[in-house]
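Read-outs: derived from the displayed coordinates by stated rules, not from any lab. Keep in mind the model is a prediction, meaning the values are calculated, not measured. Cβ atoms come from the backbone with ideal geometry, glycine included; neighbour counts cover every protein chain shown.
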Amino acid sequence: MSEVAADATADLVSAVKILPEFRGESSWEVPKEKLLELMRALKEEGMTYLVDITAVDNHGEDPRFEMVYELCDLTARRHLRVKTRVPEGEAVPSVSSVWRGADWHEREAWDMVGVKISGHPDLRRILMWDGYPHHPLRKDFPLEGLPTEMPDIAFTAKAPLEGGPFVTSPAPFSHEREPRARPAEEKSL
Amino acid sequence: MEFGDTLTRTAEMAPQLDVGEKLVLNIGPSHPSTHGVLRLVLELDGEVITKADCDIGYLHRGDEKIAENMTWNQFVPYTDRLDYLAPLANNVAYTCAVEKLMGYELPPRARVTRVICCELARISAHLLGLGAFAMDVGAMTMFLYTFTEREKIYNLIELLTGARFTTSFTRVGGQTRDLPPGFLEGVKEFSEQFVGRLDEFGKMLNRNRIFVDRTKDVGVISAETALDFGLTGPNLRGSGHGYDVRKSFPYLGYETYDFEVPVGQAGDCYDRFAVRMEEMRQSVKILLQAVAKMPEGAWMVEDPKNVLPPKDKVLTKMEELIHQFLVVTQGPDAPPGEIYFGAENPKGELGFYLNSRGGGVPHRLKIRAPSFCNLGILNTLLPGHTVSDVPAILGSIDFVMGECDR
């Protein structure tokens with residue numbers, strides 16, 4: 001039994017890739033298949049406080065999404081970041097069975113970036129309304145928004161930032177006025 | 001079958017007979033006790049809540065998306081609108097995060113100034129939370145008393161930043177300006193008289209029969225559950241867990257101040273209230289220490305290419321003018337990398353996860369909003385309580401929807 005456990009631990013350790021330290025923070029990267037196992041082990045080790053979960057859209061890279069978990073060991077005063085990459089269309093396992101607080105964070109990741117979460121007890125949109133078709137924090141979602149199929153609701157129309165005090169030259173598209181705004185892509189989301 | 005009184009008999013038979021319809025009650029999104037635009041959908045069996053669903057997002061403005069489209073300094077005004085009861089503390093937390101990414105070490109004067117900002121904001125936010133909480137459970141007068149004190153803080157903030165509400169006081173590498181003359185004296189004067197006022201507030205509520213009856217043993221959260229849900233701030237400490245970012249991961253030199261972290265025992269609404277009351281006392285203690293040790297000297301980091309130069313030099317010197325132009329148009333040139341910075345805000349740990357690919361714009365900026373995490377427990381906490389407990393629980397959780405929805 002202990003051999004099996006030791007094997008599992010060795011297996012897990014070999015799967016973890018330790019990323020270079022930056023500003024005194026350590027980050028680990030783990031394949032998403034091993035994520036749940038690692039998270040359980042880390043909680044056993046004392047990482048009892050899940051600070052935050054962030055979904056990052058690295059648009060244009062191959063595993064498109066990245067899930068970032070910030071963990072904290074409050075007795076040892078240690079912070080650890082665990083990251084896992086998720087290709088488009090694939091799901092990442094839910095950690096809400098490990099920390100109940102992960103529930104809302106994962107709903108937000110699904111709502112805002114559109115990372116699918118498998119094994120989540122209640123995966124609904126959280127900030128946007130039910131039935132909203134887009135994922136606004138994706139990089140190919142334009143800043144001014146996209147219209148949806150509910151034409152009578154104000155927020156379903158595009159909202160170009162025109163007429164504000166910092167808009168110097170009115171132009172039809174926000175990426176022409178705002179140099180950093182990404183143009184809307186034709187591809188539907 | 002025993003033949004007791006009618007009420008007992010009905011209550012005992014109810015589950016077998018399946019009598020009594022469940023009622024679905026909608027509270028909010030615009031209701032006085034929800035303090036903003038929180039919507040609760042409650043399933044009731046009589047007066048008792050059997051299921052709760054918390055619906056948020058009515059104040060969602062897409063701050064994180066907006067942040068990806070602007071430079072680091074341009075995002076400061078958006079942080080005012082997160083926890084709009086403590087804008088100064090949000091400004092400080094955000095710029096501290098960017099400074100961590102830049103690798104800056106703030107000069108001592110800037111650090112002490114920011115500590116004063118944070119603690120003034122904490123008192124101001126707790127005062128509003130306290131007044132609104134007391135009003136929700138029936139003590140109207142408290143609100144007027146706390147607002148009198150908040151007014152004094154607002155006057156100080158106006159003196160410091162020029163704005164009462166939307167302060168936007170900090171910039172990457174320091175503040176927009178140095179302390180104005182008379183500010184420190186004002187803070188000292190406020191702090192000294194405030195302790196007496198706090199005692200008065202305590203006298204009004206601590207043993208107030210109605211207040212105690214409505215808050216004791218209501219909304220009990222154990223320390224394990226609180227941590228499991230990621231509760232922070234007074235909500236976690238009310239449950240008896242002593243986690244405070246200022247002590248565990250000190251920033252801005254908080255380790256050099258002498259203050260204590262109050263914790264509760266029972267984890268009920270009353271304990272959360274008591275923790276906030278004591279925290280204000282500790283904040284006063286920190287304020288007085290900060291005023292006493294305010295060092296002279298620089299209040300901006302020395303990094304001409306990335307930090308806004310002083311205005312008088314911009315208007316008279318060529319080089320500073322160029323730097324100003326570059327910093328304003330392109331933003332501070334941040335190194336590629338990612339950091340997380342958490343600060344102890346009035347509502348809990350306000351954290352920023354910054355993912356930079358280099359340059360003046362974040363690749364991804366995630367706000368870890370304490371109110372968002374604190375509200376996550378409601379679906380589990382509310383069932384079993386009566387409808388009349390809902391305002392007490394909501395008031396004691398003390399959330400701000402601007403921060404929750406971002």
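For a Förster distance of 60 Å, can you work out the FRET efficiency between the beta-carbons of A:Y132 and B:E319, rounded to the nearest 0.05?
FRET efficiency, A:Y132 to B:E319: 0.75.
Taking the 0 to 90 degree range and rounding to the nearest ten, how far is the long axis of helix B:6-17 tilted relative to the main principal axis of chain B, both from C-alpha atoms?
In chain B, helix B:6-17 runs at an angle near 80 degrees to the longest axis.
Label points 7 Å out from Cα along the Cβ direction at B:V41 and B:V261: separation in nm?
Simple spin-label model gives 3.8 nm for this pair.
Check A:V92: other-chain or 5+ apart residues with amide H under 5 Å from its amide H, H built from backbone geometry?
Under 5 Å from the amide H of A:V92 lie the amide H atoms of A:K116, A:I117, A:S118, each far enough along the sequence or on another chain.
So how much slack lies between B:F147 and B:V387, counting 0.36 nm per residue of separation and subtracting their Cα-Cα distance, in nm?
Here the segment from B:F147 to B:V387 would lengthen by 83.6 nm.
On a 0 to 90° scale, report how tilted helix B:269-293 is relative to the longest principal axis of chain B, with both axes built from alpha carbons and the result rounded to the nearest 10.
20
Using the beta-carbon distance between B:D303 and B:K22 and R0 = 60 Å, what value does 1/(1 + (r/R0)^6) give for FRET efficiency, to the nearest 0.05?
0.45
At 7 Å along Cα-to-Cβ for each site, give me the label-to-label distance between B:S222 and A:E44 in nm.
Between B:S222 and A:E44, the label points sit 2.2 nm apart.
Would you mind checking the range A:39-77 for residues with the amide N under 18 Å from a putative spin-label position 7 Å along Cα→C-beta of A:L146?
Within reach of a label on A:L146: A:56-61, A:64-65.
Mind putting a number on the dipole of chain B about its Cα centre? Charges go on the C-beta only, +1 for Lys and Arg and -1 for Asp and Glu, and I need it in Debye to the nearest 20.
In debye, rounded to 20, chain B gives about 1140.
Sort B:S124, A:S97 so the one with the fewest other Cβ atoms within 10 Å of its own Cβ comes first.
A:S97, B:S124
Dipole size in debye (nearest 20) for the protein assembly as shown around its Cα centre, Lys and Arg Cβ +1, Asp and Glu Cβ -1?
Numbers: 66 positive and 88 negative charges, 307 e Å.
For this selection, approximately 1480 debye.
Once you keep just the Cα pairs under 8 angstrom separated by 6 or more residues, what percentage relative contact order results for chain B?
Across chain B, relative contact order equals 25 percent.
On a 0 to 90° scale, report how tilted helix B:140-161 is relative to the longest principal axis of chain B, with both axes built from alpha carbons and the result rounded to the nearest 10.
Computed tilt is about 10 degrees.
Among A:K17/A:K83; A:K43/A:K116; A:K34/B:K100; B:K247/B:K347, which pairs are too far apart, with a Cα-Cα distance over 19 Å? The partial results should precede the final answer.
On the way: A:K17/A:K83 10 Å; A:K43/A:K116 23 Å; A:K34/B:K100 31 Å; B:K247/B:K347 16 Å.
Correct reply: A:K43/A:K116; A:K34/B:K100.
Report the label-to-label distance for B:E296 and B:V328 in nanometres (one decimal), using points 7 Å from each Cα along the Cα→Cβ vector.
Reported label-point gap for B:E296 and B:V328 is 3.2 nm.
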